[in-house]
Amino acid sequence: MNVSWFRARPCAAVLTGALVWCVLTLSAAVAQVGQQGATNAAGSAPAQSLEPGDVFLPSSRVYVSVGKTGFGHEHAVVGQLSQGRIRLDVPQNSGQLVFDMRTFVADTNAARQAIGLEGTSDASTQQQVNANMLGPDVLDVAHYPTAAFNVGVVTRLPQPSARGLTQYQLDGELTLHGVSQPIQIIADAEERNQWIHLRGGFTMLQSRFGITPFAKAFGAIGVADQLTVWGDLWLTKEPQTVAPSAASP
């Protein structure tokens, strides 16, 4: 289901140039939310020894924009990774991202801000949406607690992104809900001291991964099959040990 990281073309879902531009110019709110997450985690997290390409989990997030059908409502979802590594300098078998699907929550203020949805959602509505999303009829996290993107090939592209940053094409396979599909992703990367900030976006069809989009009232209220995903990842540029007091990139 991004942390503003990727553009993909899973099966029938084709990402247009306009969407690429929108994804790569996502507001600074996404980075701010990710960095705040790292700050909040810093007090309790033990020191970490990181190798090049390791994803710094406290600051990395994935965001999902869920459209509506009928009289339904748009939703903003945020989730975390359980582990990850991407070596942008390794052209083949370049890494893997593992998403903890149990951490995905809908319509928090931070998620809505990152996606660009106005307004807020009350606690009762959030609870109901999360129950539907994580339950057996949609993500079924009890049986599929993780999703994974295996990066097979990384290619550095000659043209810069809309933000003037170096772009990479990531070809690999996304496994979600027990179904694997090939995807192709474009991400742009910004070096910041000992870190690489990787951002992009992609679209996907839930149905291509064996998921039936949620609907009720005989289809009068529901969510769209196509989702837009953004990622905001912090990769380690060089070996380092990160202390809790200095956890935020």
Amide hydrogen neighbours beyond the local backbone of Gln83, cut-off 5 Å, H modeled: Val98
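State the extension gain, in nm to one decimal, for the chain segment bounded by Glu191 and Asp140, taking 0.36 nm per residue of separation less the distance between their alpha-carbons. Please report the intermediate quantities before stating the final value.
Working: separation 51, 0.36 × 51 = 18.36 nm, distance 3.70 nm.
Residue separation times 0.36 nm, minus the Cα-Cα distance, leaves 14.7 nm.
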Give the separation of the Cα centroids, segment 166-217 to segment 74-134, in Å. 12
Scalar couplings 3J(HN,Hα) for segment 83-98 by Karplus 6.51 cos²θ - 1.76 cosθ + 1.60 (θ = phi - 60°), nearest whole Hz, x for Gly and Pro, are 6, x, 7, 9, 9, 5, 9, 10, x, 10, 6, 8, x, 8, 10, 10
At 0.36 nm per residue, and after removing the present C-alpha to C-alpha distance, how many nm does the segment from Ser207 to Leu157 gain when stretched out fully? 14.9 nm
Distance between modelled label sites at Asn130 and Glu118, nm, 7 Å Cα→Cβ extension: 2.7
Given Val229, Asn193, Thr175, which one lies farthest toward the positive end of the charge dipole of segment 128-249, if we put +1 on the Cβ of every Lys and Arg and -1 on the Cβ of every Asp and Glu? Asn193
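Filter the chymotrypsin sites (Phe, Trp or Tyr not before Pro) in segment 58-121 to those in DSSP coil with at most 13 other Cβ atoms within 10 Å of their Cβ, and list the result.
Working: sites: Tyr63, Phe71, Phe99, Phe104; in loops: Phe71.
Counting only loop positions with at most 13 other Cβ atoms within 10 Å, the chymotrypsin sites (Phe, Trp or Tyr not before Pro) in segment 58-121 are Phe71.
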Per residue of segment 198-206, in order, report the coupling 6.51 cos²θ - 1.76 cosθ + 1.60 (Karplus, θ = phi - 60°) as ³J(HN,Hα) in whole Hz, putting x for Gly and Pro. 10, 9, x, x, 8, 10, 8, 9, 4
Simple spin-label estimate for Ser180 and Asp89 in nanometres, 7 Å along Cα-Cβ: 2.9
Find the Rg to Rh ratio for segment 121-249, where Rh is the Kirkwood radius over alpha-carbon pairs and Rg uses the same atoms. 1.05
For every other residue with a beta carbon closer than 11 angstrom to the beta carbon of Ala215, add +1 if it is Lys or Arg and -1 if Asp or Glu, then tell me the sum. 0
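Values in this text are rule-based calculations from the coordinates and carry no lab data. These numbers come from a predicted model, not from an experiment. So basically every Cβ, Gly included, is an ideal-geometry build from the backbone, and we count neighbours across all protein chains shown.
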